[in-house]
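Quick notes on the structure that follows.
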Amino acid sequence: MSAFKRKRGGQRPADKKAKKAKFVANADDAPNEAVEENRNEVTIPPPVSKGKWTNKERVLIFSSRGINFRTRHLMKDLKTMMPHSKEDTKMDRKDKLFVVNEVCEIKNCNKCLFFEAKKKQDLYMWISNSPHGPSAKFLVQNIHTLAELKMTGNCLKGSRPLLSFDPKFDKEPHYALLKELFIQTFSTPRYHPKSQPFVDHVFTFSIADNRIWFRNYQIIEEDASIVEIGPRFVLNLIKIFQGSFGGPTLYENPDFQSPNMHRRQIRLAAAAKVREKQMVKEMHKLKKAEVKEDMVKDVTADVFLTPAEEKPVHIQTEAPEPKVVKKKQKAFKRQRMQMARR
């Protein structure tokens, strides 16, 4: 049996020195032949990097109370995709957002993904560089988790992703700032203890309809063929702040419409449709009433009337003479019968 043995006194894996190893064909013949020892020694090249974990980015992912099940599953998917993330208990609604900076300091995290739920139907996401800023607030829409999608793609847990950005991120300054925030937050640090040294999936951030669309794809082959894994969601930018969870406003989205205003417009549109239907019904009723009045009075009755001379009005002052009625003498029945016999 052949064996691969290392000499004693070898260097540590972190040292950048060449290692020497001895390849022995048979363990019994090794001490007898000293010449072959020099021939069987193989020099192992030094490692490319020491493997030190220099990028100490840690992301805290947690939420406020009142989130629904879909948000909870989305947070779980993000924690699975980001091995450099940490979690914490839900924050009370009464607490102010500046408390999140203290939570990040306690957890030794310098980035934060905070999900804030309002009215049990609206979800907001904060991406912050704690504790000095900047931070951005988004409205999260069209959430689809891994359990819902059931995509065919799959990737290794803990592997490092590639980040793909739309070319529009480099054209405008607020998108450039968001790009840097996304890079520092979603990219897994190299040599992280919980990560794997493989790159087999891609995070894509594309801009369409003034929104940022997030997708996760698996790299199948080297010819860049990809298959979607999930999850997927859409980020609608609201504001960018100079500080962490507050401070001066650097950018405000002029195209943003709050969910309350959107729902109000939907209700107003529905009410306008109801009013329009009622007006149409009233118009039909008025038309039916007008048709009935026209049928009672004939419009064509005056066509055959011809103008005539007005005659003087004669007023009769005396009573008219009675008319003399001559009564016929009717024969009796006996006489009629005799006349009939004749």
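With the charge dipole of the range 59-262 set up from +1 on Lys and Arg Cβ and -1 on Asp and Glu Cβ about the Cα centre, the Cα lying farthest toward the positive end among the listed residues 241, 191, 155 is that of 241. Within the assembled protein chains, the solvent-accessible surface assigned to residue 333 is about 140 Å², based on a 1.4 Å probe. Derived scalar couplings between HN and Hα for the range 62-76 equal 7, 9, 8, 6, x, 7, 8, 5, 5, 5, 5, 5, 5, 4, 5 Hz in order, rounded to whole Hz, by the Karplus curve 6.51 cos²θ - 1.76 cosθ + 1.60 (θ = phi - 60°), x for Gly and Pro.
Leaving out ligands, DNA and RNA, and with a 1.4 Å probe, what % of the accessible surface on the range 59-262 is carbon or sulfur? Let's see the in-between values first.
Details: 5310 of 10470 Å².
Looking at the range 59-262 in its full context, I get 51 percent from C and S.
So, by mean Cβ neighbours within 10 angstrom, what's the order for 223-229, 317-323 with the highest one leading? Write down the numbers at each step before the final one.
Values: 223-229: 13.3, 317-323: 5.4.
By packing density, highest mean first, the sequence is 223-229, 317-323.
If only the Cβ of Lys and Arg carry +1 and only the Cβ of Asp and Glu carry -1, the dipole of the range 59-262 around its Cα centre is close to 760 debye.
The order of 84, 262, 314 by accessible area, most exposed first and with a 1.4 Å probe, is 314, 262, 84.
Note on residue 106: accessible area approximately 140 square angstrom, rounded to 10, probe 1.4 Å, nucleic acids and ligands left out. Out of all DSSP beta bridges with both ends in the range 77-208, state the antiparallel percent to the nearest 5. Of all bridge pairs located within the range 77-208, approximately 70 percent are antiparallel.
I'd like the FRET efficiency for residue 94 and residue 249, computed as 1/(1 + (r/R0)^6) with the beta carbon distance as r and R0 of 25 Å, rounded to 0.05.
For residue 94 and residue 249, the calculated efficiency is 0.55.
In Å³ and rounded to a whole number, note down the convex hull volume per residue for the Cα atoms of the range 59-262. Intermediate results must be reported in sequence, preceding the final value.
Working: hull volume 26.1 nm³, N = 204.
Enclosed volume per residue, from the Cα hull, is 128 Å³.
So for the range 59-262, taking the charge dipole from beta-carbon charges (+1 Lys/Arg, -1 Asp/Glu), which of 224, 125, 206 sits furthest toward the positive end? Positive-end residue among those listed: 125.
Ranking of 111, 76 by solvent-accessible surface, largest first: 76, 111 (1.4 Å probe, protein heavy atoms only, all chains present). Distance between the pseudo-spin-label points of residue 168 and residue 142 (7 Å out from Cα toward the beta carbon): 1.2 nm.
Dividing the convex hull volume of the alpha carbon atoms of the range 214-342 by its residue count, what do you get in Å³ per residue? Can you show the working numbers first?
Working: hull volume 105.6 nm³, N = 129.
That works out to 818 Å³ per residue.
Per residue, the range 59-262 exposes an accessible area of 51 Å² to a 1.4 Å probe, with every protein chain left in place. Counting only protein heavy atoms and using a 1.4 Å probe, the accessible area of residue 217 comes to about 60 Å². Distance between the C-alpha centres of the range 184-225 and the range 74-151: 19 Å, rounded to the whole angstrom. Legend: residues 103, 299, sorted from most to least accessible area (1.4 Å probe; ligands, DNA and RNA excluded), read 299, 103.
The values are calculated or read from the model by the stated rules, or taken from the named source; none is laboratory data. This one's a predicted model, so the numbers in the text were calculated from it and none came from an experiment. Because the Cβ atoms are built from the backbone with ideal geometry, glycine has one as well, and the counts that use them run over all protein chains shown. Remember, those area values only see protein heavy atoms, side chains included, never the ligands or the DNA or RNA. Shrake-Rupley method; radii C 1.70, N 1.55, O 1.52, S 1.80 Å.
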